[in-house]
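Below: the structure, in structure tokens.
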């Protein structure tokens, strides 16, 4: 039996942040990853936005971890040379009916401590982005963009420098709770297990013998398709419409090279798959033209797709992040991270700190 101190399941951005935090705290860490590379699912298939913490209900784990995580992440990017840019974001109301919703978003932001979110008149918004159509907007100067892969490599580098080891192509096969910890893969003994398996986190939890399976939430997949703009991009900031159920609406995000992409939409699916149907772009044109009337025909090409790990289905209220530790399920040394979708990347360092707190 090989004896280990801590095992982290899943080498996405949050799993790597947790492994780093454990390693920096002097713990011996092994990261088990089923795929042949780090961050191949949700962590590398998103908008790569550093979120300000605007939309989430006051006091929610999403709000708290996003606002705290954003500050930690900007500091981390500067100290570790991770490519990023504070480009700012506009949330736009395209007709008078959306003004009340825009006001309520600003109230939510301020309640979450994001007090730099300011109201802009149509003229002020157009001064920043002349191609926009809107009746009013909110401006968030602390929203940014990041190279998510460079961030994951930096987390992994920090963890490995403190002795952590990454095992690729190593899905969790078996895990059983024993008197003094866990037996994994039938030949590894560990004192601590952190389940950061993303899309599969509820399935992984239920597969752990000795964990009360009824405590695991549901496992639902909300796919988001992105389309790239195949011509010059007129925007220098991110542009978001007023949010829609399941997501934040089809928005303009930029990569660090200044290329624009649009998405994601919300498509509930049964099994994991990343193909992008070119025909879905048809409904994007109408959504985008509400705030960018000048979008030319045939200017969107299929980009990529990502999947949000949801713990509740399309008819249910949007669930919060869940960090489920020994206090919730009664198994010492075991922490699950459930439903870590957006803003998980922004919140990754804050979430890692919260996982450590659960293990003390």
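The values are calculated or read from the model by the stated rules, or taken from the named source; none is laboratory data. Small disclaimer: the values here were computed from a predicted structure and weren't measured. Glycine also receives a Cβ, built like all others from the backbone with ideal geometry; neighbour counts cover every protein chain displayed.
Out of all the residues in region 25-41, which are touching a helix residue (DSSP H, G or I) at 6+ places or on another chain (Cβ under 7 Å), farther than 10 Å from residue 168 by Cβ and not in a loop (DSSP other than H, G, I, E, B)?
Answer for region 25-41, where residues must be touching a helix residue (DSSP H, G or I) at 6+ places or on another chain (Cβ under 7 Å), farther than 10 Å from residue 168 by Cβ and not in a loop (DSSP other than H, G, I, E, B): just 29.
Go through the residues of region 283-292 one by one and say whether even a single one is in contact (Cβ under 8 Å) with a residue 24 or more places away in the chain and assigned to a strand (DSSP E or B).
No.
Before we move on, is residue 296 farther than 27 Å from residue 147 by Cα, assigned by TED's automatic domain parsing to the domain that holds residue 100 and at pLDDT 95 or above?
yes
Please go through region 41-72 and pick out each residue that is under 19 Å from residue 157 (Cβ atoms) and over 13 Å from the mean Cα position of the chain (by Cα).
Passing the criteria: only 72.
Does any residue of region 278-291 turn out to be farther than 20 Å from residue 14 by Cβ, in contact with a strand residue (DSSP E or B) (Cβ under 6 Å, 6 or more places away or on another chain) and surrounded by fewer than 18 Cβ atoms within 10 Å (Cβ to Cβ)?
The answer is yes; a qualifying residue exists.
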